[in-house]
Amino acid sequence: MTTDTTTKSPETAAAPPPGTALEKKRAARGHRRLLTRRDRITLALMAGVPTVLHVALVWVTALASIALAFTTWDGIGFDSIKWVGLDNFKQLFDDNPQFWPAVQHNVIWFVVLILIPTPLGLFLAVQLDKKIRFSRVYQTAFFLPVVISMACIGFVWQLVYNPDTGLINSIIGANKPGHYIDWIGDPKLNLWAVLIAASWRHAGYMMILYLAGLKSVDPSLREASALDGANEWQTFKNVIFPTLRPTNTVVLVVTIIEALRAFDLVFVFNKGAQGTELLSILVTNNIIGESSRIGYGSAIAVVLLVISLAVIIPYLVATFRKERRS
């Protein structure tokens, strides 16, 4: 009976097995060598430049506005900045005849957007979700106003509301001398005229949001509802719409933000005068207007910021709570 013995040379015995720390260390060095000095500089510039611009143009300016809200400054030299405490806010709430109408108009803006174009956008999304013919063409047509800037939309609707050659006055016969309807100049009409133009754009925005939400609905829910004998309206009311709760939250927040930051359309129409005052218009008129009351305009901007945060912070808190529970 014989036994075979295998002898190992010193080199073989000293060789480390595969996957040891030495090989891992060599692999790490190899990965490090993949990033050259030029690559590191490029990555630093790509990440650093946007970060610096964001901090400088967003955070620094926001904090500067909060600080300037408690001062008076005409914008000429930093030596003219004077601390006044809460005087700007007292003057804003008590002595400014345009402030509370502007707040009221912002509230009206939100109510109109949430009651008219938002349900219209939901209706359009439901119809387009049925996979009708030329649905892509319809989506493009309804979403086109969202892509166009608000300033361009204002110029287009100025032509529509023109007293002499405008489309509306031409249709209803109000383009004759003595029968003019001044949709932009009349304080009783101009706010509603601007809201129609804003709703025209907002409906397409809401359509896309709701259409994305409808695409995420599980098809088995529709099938189960159909097997239970529910018609189309019952399926939407009892099955589809409750599943759109996250989308409804986004729509609500987006609509509030749109109502608070409304500026371009009104400024193009009549620069926020004669019945179309908004908080954003007051900020602009005081900071870059003839008076150059930067401290006072910053106080209005702080009020607008507080209103925005009062809406956004509860939304973020509720969202984070849902993520933790899940």
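All of the numbers you see were taken from the coordinates with simple rules; none came from a lab. It should be emphasised that the depicted structure is a prediction, and the values quoted were computed from it without experimental measurement. All Cβ positions, glycine included, derive from the backbone under ideal geometry; neighbour counts span all protein chains shown.
Miscellaneous remarks
- If you take all other residues with their beta carbon under 14 Å from the beta carbon of T235, and give Lys and Arg +1 and Asp and Glu -1, the sum is -2.
- Cα gyration tensor shape of segment 38-118, rounded if a/c is under 1.5, else prolate or oblate by comparing a/b with b/c: oblate
- Counting only alpha carbon atoms, the long axis of helix 117-128 and the longest principal axis of the chain meet at about 50°.
- For the residue pairs K130/K237; K90/K188; K215/K237; K176/K271, alpha carbon separations beyond 23 Å are given by K90/K188; K176/K271.
- For the listed peptides 248-256, 292-300, a ranking on the average number of other beta carbons within 10 Å per residue, highest first, reads 292-300, 248-256.
- 222 nm mean residue ellipticity, helices alone, for the chain (DSSP H n ≥ 4; -39,500 (n - 2.57); rounded to 500): -21000 deg cm²/dmol
- 12 Å beta-carbon shell around I148, net charge (K/R +1, D/E -1): 0
- Cα pair count fraction exceeding 28 Å, expressed as % - the chain: 63
- C-alpha long axis of helix 245-260 to longest principal axis of the chain, angle in °: 50
- Put the Cα centre of segment 136-168 next to the Cα centre of segment 292-314 and the gap is 30 Å.
- Selected from I307, F269, N88, residue furthest toward positive end of dipole (the chain; charges at beta carbon): I307
- Local net charge near S280, Cβ-Cβ under 13 Å (Lys/Arg +1, Asp/Glu -1): -1
- About the Cα centre, charge dipole magnitude for the chain (Lys/Arg +1, Asp/Glu -1 at Cβ), debye: 1560
- Distance between segment 66-133 and segment 175-213 - C-alpha centres, whole angstrom: 18
- For the peptides 209-217, 277-285, 162-170, residues were scored by their other Cβ atoms within 10 Å and the scores averaged per peptide; the highest-first order is 277-285, 209-217, 162-170.
- Cα-based shape type of segment 41-83, given that a ≥ b ≥ c are square roots of the gyration tensor eigenvalues and the cut on a/c is 1.5: prolate
- Ordering 70-79, 132-141, 198-207, 183-192 by mean Cβ neighbour count within 10 Å, with the highest value first, yields 198-207, 183-192, 70-79, 132-141.
- T71 long-range amide H proximity, modeled H, under 5 Å: V84
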